[in-house]
Amino acid sequence: MMLIHCPHCDEKRPEVEFAYAGEAHIVRPNAEQQQAMSDAKWSEFLFIRDNVRGEHCERWWHANGCNMFFNAVRNTVTDKFIKTYKIGQKRPTQAQIQKWKSAK
Amino acid sequence: MKFSARSLFANALSGHKNWPEQFPNKEPKKEYDAIIVGAGGHGLGAAYYLASKYGMTNIAVVEKGWLGGGNTGRNTTIIRSNYLFDESAGIYDHAVDLWDGLSQELNYNVMFSKRGVLMLAHNVHDVQSFTRHVHANRLNGVDNVWLTPEECQKKVPILDISPNRRYPVMGGAFQQRAGVARHDSVAWGYARAASKLGVDIIQNCKVIGIRRGADGAVEGVETEKGFIGAKKIGVSAAGNTSVVMEMAGLRFPLESYPLQALVSEPVKPIVPCVIMSNAVHAYISQSDKGELVIGAGTDQYTSYSQRGALHLVEHNIMAICEIFPVFKRMRMLRNWGGIVDVTPDRSPILGKTPVKGLYVNCGWGTGGFKATPGAGHLLAYTIAKDEPHPINAPFNLDRFVGGRLIDEAAAAAVAH
Ligand SMILES: Cc1cc2nc3c(=O)[nH]c(=O)nc-3n(C[C@H](O)[C@H](O)[C@H](O)COP(=O)(O)OP(=O)(O)OC[C@H]3O[C@@H](n4cnc5c(N)ncnc54)[C@H](O)[C@@H]3O)c2cc1C
Ligand SMILES: [Zn+2]
């Protein structure tokens, strides 16, 4: 079982306390934007995912813990977490991810 | 060489030491008429039907690992066609039709066994939903019958139908034409038959790029063994489809998840058919070797690791023991995972893509083994004719823009 660091609790907790919530940094268009959106754009928002083989920014939920959502960068080939961070923080750049990796 | 009683006898005389190679391992030529990416059952099937049905023999199947080493060799081999929607009935039943007689056609025993699939109902919702499936299936000419608890127990004597169980058996939907087959044989059988017709199967050769011309059309694939030219490319890469499609600049409505399974030590025959239960979320069958074959749903997070979390296996076994306490003392032999490509509506994508000359067969998720001959045939048709067959036409990529989803996810929420 993996240990996942919750940035709210600031603790590593077992995987069973968490729920996966899909790709992170997908911004829901507001009502006005939705009106102006093409079907293709709407489809992209709803259905298209990067499905990265490698470092993936994704959302997790500490469901059986503090009940808060947060984001994480995880390598989808090794399943290793590189970093977890609070929602609201910008999507990390490649350079930032590399820095986190070498800091380990 | 043809497998027959005669060849078996002749080879027995020489101690079975002189059986010829079944399919040669080829090095790539410079150019082919078509290339299939991925030597799983689907890709090999497509190559076989391109050569046998549509006269395209100058083709190659390019595989990054070994043939059949992906989900084909990792799945629990349940074959059934009792899906709800008309489109699904069409595509899955087409496959079941082809499973019939496949061993004879390929001269290779794929061990298709129509032992039936029983889906247990444990609550009123199950009963309503499954009887609806039974009726919908029968309107579509797909066999499926409703069994009372007593009839279920007659089929599966170890099933406890007492109403006092935590998950009482309130009946079941039974498809007799459904069953299991031997996964490796399917890959090997198609590979052997395709090779005989002149198809090159190139293993240990990962596709790392898709080359496109000035007009955007495909020109071939970049691989670990160099560039291979082809005006038509069919991608059948299952869990790695997103990665391959990105090489052509396409993003797909897919997510790749680990799906696990496990087998027990072998025992004498005790599970006569495939038994599935949505309510406890697990399924079980028994292989011809005697192992109990057990599985459930995907892991929760996307991954390409080809392994999953242990606690999911634990849940899976708990669910099986809930229905069949008799298995509580069984020892498990092996557990493994594959990576399955899941679409938002849990139906496959099989057809053309926005890139000229690029065709795709993907999104079979947790349940594409059963479709192997059908998917192979329909991909071959689509590549040969440059248009989808009426059976796979609804399974186009555009449905995610137009909204005409084939929402088996909402209809059944069943795996496999
Ligand atoms: C544990 C488990 C249980 C399952 N149980 C069932 C079941 O009971 N019934 C059922 O119907 N289905 C089941 N499935 C699903 C089924 O296995 C798949 O839907 C099906 O096998 C997909 O067929 P395929 O032949 O296309 O896949 P694969 O056999 O995975 O073939 C894809 C091939 O593409 C290759 N590839 C990928 N990327 C590249 C590249 N860049 N270059 C070259 N080659 C590449 C891979 O190496 C692989 O060999 C199960 C799956 C799993 C993992
Ligand atoms: Zn927390």
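The values are calculated or read from the model by the stated rules, or taken from the named source; none is laboratory data. Because the structure is a prediction, the values reported are computed rather than measured. Reconstructed Cβ throughout: ideal geometry from the backbone, glycine too, with neighbour counts over all protein chains shown. Protein only, heavy atoms only, side chains kept; ligands, DNA and RNA dropped before computing areas. Shrake-Rupley method; radii C 1.70, N 1.55, O 1.52, S 1.80 Å.
Summary table below
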{"quantity": "Pair B:ARG329, B:VAL145: separation of 7 Å Cα→Cβ label points (nm)", "calculated": "3.6 nm"}
{"quantity": "The stretch B:77-129 versus the stretch A:1-61: alpha-carbon centroid distance in Å", "calculated": "35 Å"}
{"quantity": "Mean separation of Cα contacts under 8 Å (6+ apart) over length of the stretch B:133-225, as relative contact order %", "calculated": "18 percent"}
{"quantity": "List of the stretch A:1-38 residues, accessible area with partners at least 50 Å² below that of the chain alone (1.4 Å probe)", "calculated": "A:GLU15, A:TYR20"}
{"quantity": "Inter-part distance where the stretch B:308-324 and the stretch B:349-384 are each reduced to a Cα centre, Å", "calculated": "32 Å"}
{"quantity": "GNM result for chain A, Cα springs below 10 Å: residue of A:ASN30, A:ASN64, A:ASN75 fluctuating most strongly", "calculated": "A:ASN30"}
{"quantity": "Whole-Hz couplings from phi, Karplus 6.51/-1.76/1.60, listed for the stretch B:281-297; x for Gly and Pro", "calculated": "6, 6, 9, 8, 8, 10, 6, 5, 7, x, 6, 7, 10, 10, x, 7, x"}
{"quantity": "Candidates A:GLU17, A:GLU58, A:GLU44: whichever shows maximal mean-square fluctuation once chain A is modelled as a Gaussian network with Cα springs under 10 Å", "calculated": "A:GLU44"}
{"quantity": "Share of carbon and sulfur in the accessible heavy-atom surface of chain B [1.4 Å probe, %]", "calculated": "53 percent"}
{"quantity": "Amide H within-cut-off set for B:VAL235, under 5 Å, with H built and near neighbours excluded", "calculated": "B:VAL37, B:TYR359, B:VAL360, B:ASN361"}
{"quantity": "For B:ALA282, residues with placed amide H under 5 Å, excluding near neighbours", "calculated": "B:SER277"}
{"quantity": "Solvent-accessible area per residue, Å², over the protein assembly as shown with all protein chains present [probe radius 1.4 Å]", "calculated": "45 Å²"}
{"quantity": "Cross-link reach list, lysines versus A:LYS90, counting only Cα pairs under 17 Å and skipping chain neighbours closer than eight places", "calculated": "A:LYS99"}
{"quantity": "Per-residue SASA entry for B:LEU379, accessible area with 1.4 Å probe, Å² rounded to 10", "calculated": "0 Å²"}
{"quantity": "Interface residues, the stretch B:249-276 - accessible area loss of 50 Å² or more versus chain alone, probe 1.4 Å", "calculated": "B:ARG251, B:GLU255"}
{"quantity": "Spatially proximal lysines relative to B:LYS53 (Cα-Cα < 18 Å; intrachain offsets below 8 disregarded)", "calculated": "B:LYS196, B:LYS232, B:LYS385"}
{"quantity": "Reach of B:LYS114 by Cα under 22 Å, taken over lysines that are not fewer than 8 positions away in the same chain", "calculated": "B:LYS154, B:LYS155, B:LYS268, B:LYS289, B:LYS370"}
{"quantity": "Unit charges at the beta carbon, dipole of the stretch B:33-91: most positive-side option, B:GLY73, B:LEU84, B:ILE35", "calculated": "B:GLY73"}
{"quantity": "In sequence order, calculated HN-Hα J values of the stretch B:41-51 (Karplus, 6.51, -1.76, 1.60; Hz; x Gly/Pro)", "calculated": "x, 5, x, 5, x, 4, 5, 4, 6, 4, 6"}
{"quantity": "Sequence-separation-based contact order of the stretch A:3-103, relative, with Cα cut under 8 Å and 6+ spacing, percent", "calculated": "26 percent"}
{"quantity": "Accessible area of A:VAL16 in the full protein assembly, 1.4 Å probe (Å², nearest 10)", "calculated": "70 Å²"}
{"quantity": "Rounded to 5, the percent of DSSP beta bridges in the protein assembly as shown classed as antiparallel", "calculated": "75 percent"}
{"quantity": "Placed amide H near B:VAL110: partners under 5 Å, 5+ positions off or other chain", "calculated": "B:SER103"}
{"quantity": "Listing of the stretch A:75-97 residues, each with accessible area lower by at least 50 Å² in the full protein assembly than in the chain alone (probe 1.4 Å)", "calculated": "A:ASP79"}
{"quantity": "GluC sites (Glu not before Pro) within the stretch B:215-273: DSSP coil, no more than 16 neighbouring Cβ in 10 Å", "calculated": "B:GLU224"}
{"quantity": "Carbon/sulfur fraction of accessible area - the stretch A:3-103, other protein chains in place, 1.4 Å, %", "calculated": "51 percent"}
{"quantity": "Accessible area buried between chains A and B, both sides summed, probe 1.4 Å, in Å² to nearest 100", "calculated": "2100 Å²"}
{"quantity": "Candidates B:GLN300, B:GLN260, B:GLN176, ranked by Gaussian network fluctuation over chain B, Cα under 10 Å, top entry", "calculated": "B:GLN300"}
{"quantity": "Per-residue HN-Hα couplings for the stretch B:365-375 [Karplus 6.51, -1.76, 1.60; θ = phi - 60°; Hz; x = Gly/Pro]", "calculated": "x, 8, x, x, 4, 4, 8, 3, x, x, 4"}
{"quantity": "Estimated 222 nm signal from helices in chain A, with DSSP H stretches of n ≥ 4 weighted -39500 (n - 2.57), rounded to 500", "calculated": "-6500 deg cm²/dmol"}
